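Here is the structure we will look at, set down as structure tokens.
Bear in mind these aren't lab numbers, they're just calculated from the coordinates by the rules spelled out. Bear in mind that the values here come from a model prediction, so they are computed numbers and not experimental data. Please note: Cβ atoms are built from the backbone with ideal geometry, for glycine as well, and neighbour counts cover all protein chains shown.
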Amino acid sequence: MLNDLKSPPVNSYDVAMATIVAADDRKGADISLIKVSDVSYLADYFVFITGFSTTQVKAIAESIEKDVEESLELLPLRREGKSDGRWILLDYGDVIIHIMLPDDREYYNIEAFWGHAEKVPFELPTP
């Protein structure tokens, strides 16, 4: 269940796409969307995003939080890693966002752990 009690529930795919659009606006790279609801109870979707500096990783996270709050009236349930900026996790309940530096993303290779989950293709809106 998402954390918005004022308006009708928001579809978790819409939350995931809002985060992807916000990350793309801040030049997030190698964005992937994985549907984990069929293989785990943790969430419906994981979003993985690469930022190329701690400053960019933080900017992507801030952009996601701002855009999702403005467009969907949602705040993350939890935030981790903001002070360090190497790997920031935003937990929206049914959608968990991982924003990572390239070395950390390669080292931890979380996507391989979820390799049996469905990778969801998506298209970004044209400007």
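Key figures
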quantity: 18 Å Cα-Cα threshold exceeded, pairs from K35/K66; K58/K119; K82/K119; K35/K119; calculated: K35/K66; K58/K119; K82/K119
quantity: P(r), alpha carbons of segment 47-91 - 5 Å bins starting at zero, rounded %; calculated: 5, 24, 31, 25, 12, 3
quantity: Beta bridge orientation in the chain: antiparallel %, DSSP, nearest 5; calculated: 70 percent
quantity: Listed residue (P125, L77, F46) projecting farthest to the positive dipole end of segment 1-126, Cβ model; calculated: L77
quantity: Gained length - E111 relative to L89, 0.36 nm times residue gap less alpha-carbon distance; calculated: 6.5 nm
quantity: Cα-derived Rg to Rh of the chain, Kirkwood definition; calculated: 0.93
quantity: Contact order normalised by residue count of the chain, Cα under 8 Å, 6+ apart, percent; calculated: 29 percent
quantity: Cα centre as origin, Lys/Arg/Asp/Glu Cβ charges: segment 54-127 dipole, Debye; calculated: 200 debye
